């Protein structure tokens, strides 16, 4: 696992994050779109109405990113194509039946070992970059609610 602060510092200025909290959406934007945290901060404030020390409504983010899966449904965000990814997997149950469940972060990272992905789990946003979870905490068993590939 890479620590997200190292990734976003490499992208440029992080001055707007000083003294802020609840900025996981900003950090994930910076990491996946390869922009400075300051640029990501401005985008989140404008597009998602993010306020200092406040999280972002998932519904506001969902309006920005494509909802249908697949490349034909790509949408441009911050000058890059964003594609909704399938983050579900079939699991065989002890009785032999098949159950479809959300993937865990570790399963997703193994399956999608190339590319940059903006990920939403319950109450949190993070990145998966080239098969590595990029976050401030190491919780690879969290289940994914939404995933988008950033090209």
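Restricting attention to the stretch 109-151, which residues are part of a loop (DSSP other than H, G, I, E, B) and more than 15 Å from residue 3 (Cα to Cα)? Break it down into steps so the answer makes sense when it comes.
Of the stretch 109-151, the ones part of a loop (DSSP other than H, G, I, E, B) are 112-115, 122-123, 130-131, 136-142, 151.
Once the filter is applied, which keeps residues that are part of a loop (DSSP other than H, G, I, E, B) and more than 15 Å from residue 3 (Cα to Cα), the stretch 109-151 yields 112, 113, 114, 115, 122, 123, 141, 142, 151.
Please work out which residue is modelled with the lowest pLDDT, limiting yourself to the stretch 10-36 and to residues that are buried (at least 24 other Cβ atoms within 10 Å of the Cβ) and either out of contact with any strand residue (DSSP E or B) (no Cβ under 6 Å at 6 or more places or on another chain) or in a loop (DSSP other than H, G, I, E, B) (or both).
23
Just the residues that are outside any strand (DSSP E or B), surrounded by 10 or more Cβ atoms within 10 Å (Cβ to Cβ) and either modelled with pLDDT under 90 or out of contact with any strand residue (DSSP E or B) (no Cβ under 6 Å at 6 or more places or on another chain) (or both), please, taken from the stretch 75-99. Don't jump to the end; show me each part of the working.
As a first pass, look at the stretch 75-99 and keep what is outside any strand (DSSP E or B): 78-79, 85-87, 93-97.
When the remaining residues are screened for being surrounded by 10 or more Cβ atoms within 10 Å (Cβ to Cβ), the result is 78, 85-87.
Residue satisfying the conditions is 78 alone.
Just the residues that are buried (at least 18 other Cβ atoms within 10 Å of the Cβ) and either over 20 Å from residue 58 (Cα atoms) or over 13 Å from the mean Cα position of the chain (by Cα) (or both), please, taken from the stretch 121-141.
129, 133, listed by residue number.
Looking only at residues that are touching a strand residue (DSSP E or B) at 6+ places or on another chain (Cβ under 8 Å) and part of a helix (DSSP H, G or I) in the stretch 37-68, which one is nearest to residue 80 (Cα to Cα)?
64
Could you check residue 7 against (1) within 23 Å of residue 141 (Cα to Cα); (2) surrounded by fewer than 20 Cβ atoms within 10 Å (Cβ to Cβ); (3) in contact with a strand residue (DSSP E or B) (Cβ under 8 Å, 6 or more places away or on another chain); (4) modelled with pLDDT under 95 and say which number it fails?
(2)
What about residue 118, is it surrounded by 15 or more Cβ atoms within 10 Å (Cβ to Cβ), under 28 Å from residue 47 (Cα atoms) and touching a helix residue (DSSP H, G or I) at 6+ places or on another chain (Cβ under 6 Å)? Spell out how you get there, then give the answer.
Values: surrounded by 15 or more Cβ atoms within 10 Å (Cβ to Cβ): yes; under 28 Å from residue 47 (Cα atoms): yes; touching a helix residue (DSSP H, G or I) at 6+ places or on another chain (Cβ under 6 Å): yes.
It is true that residue 118 is surrounded by 15 or more Cβ atoms within 10 Å (Cβ to Cβ), under 28 Å from residue 47 (Cα atoms) and touching a helix residue (DSSP H, G or I) at 6+ places or on another chain (Cβ under 6 Å).
The values are calculated or read from the model by the stated rules, or taken from the named source; none is laboratory data. These numbers were taken from a predicted model, which means no experiment stands behind them. Note that each Cβ is placed from the backbone with ideal geometry, even for glycine, and that neighbours are counted across all protein chains shown.
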